[in-house]
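Visitor: Following this message is one structure expressed as structure tokens.
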Amino acid sequence: MPDLIEESKSNRATCRTCKQKIDKAVLRFGEETPNTFSSDGGSSYFWHHLACAAGKVPAKVRAAMVNFGGPIPDREKLEAILAAPPRASGKGAPRAAYPYAERASTSRSKCLHCGSAIEKDSMRVAVEREVDTGSFAATGPGYLHPGCAAEYTGDEGLIEKIKANMPALAPEELAVLAAQL
Ligand SMILES: [Zn+2]
Ligand SMILES: [Zn+2]
């Protein structure tokens, strides 16, 4: 089973990132881990608070969010954590890898290629771009319609790269994306 996001069924799980309890009925992130105690090669999960996981394994959380499809409270906050640059320590959160694909959480993003809005809940492709903050150069995600992405990037292997960056993305979602690219 791939990584998943689900509503916590009890308050017995402990977050693997911050070691605090995960309350019942909040959304939690399950990181798939091979279950060495199961003879049929089944898997079990390491649980994390969604926000903790977002800082630690952003690419995995992103893929799980696409598969989850349900409403996510504090989604804006979560997106901010997902988009945050890596910690200065050099350890901990791996940098989010571009390109990746996700469902648009709002209809406010504009396509880098055609300039029109990307509809809420539709698939969008995120690529790295320079963001002018006024004081220092930074990079952040720029969004594209899947149909515009290949032309904008001139990259025919885009789908393969997205696949490599998002190993947990559901095959159905990938098929939707591949059809539009
Ligand atoms: Zn936590
Ligand atoms: Zn477009």
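Visitor: Out of everything in segment 150-173 that is open to solvent by 90 Å² or more (accessible area, probe 1.4 Å) and assigned to a loop (DSSP other than H, G, I, E, B), what residue ends up being farthest from residue 30 (Cα to Cα)?
Guide: 156
Visitor: Shifting gears a bit: Mind listing whichever residues of segment 95-138 are within 11 Å of ligand 2 (Cβ to nearest atom) and assigned to a strand (DSSP E or B)?
Guide: 110, 117, 124, 125, listed by residue number.
Visitor: Any idea how many residues of segment 56-71 are within 16 Å of ligand 1 (Cβ to nearest atom), open to solvent by less than 30 Å² (accessible area, probe 1.4 Å) and over 11 Å from the mean Cα position of the chain (by Cα)?
Guide: Qualifying residue count, segment 56-71: 0.
The values are calculated or read from the model by the stated rules, or taken from the named source; none is laboratory data. Since we're looking at a predicted model, the values are computed, not measured. Ideal geometry is used to build each Cβ from the backbone, glycine not excepted, and the neighbour counts take in all protein chains shown. Please note that ligands, DNA and RNA were not included when accessible areas were found on the heavy atoms of the full protein model with its side chains. Shrake-Rupley method; radii C 1.70, N 1.55, O 1.52, S 1.80 Å.
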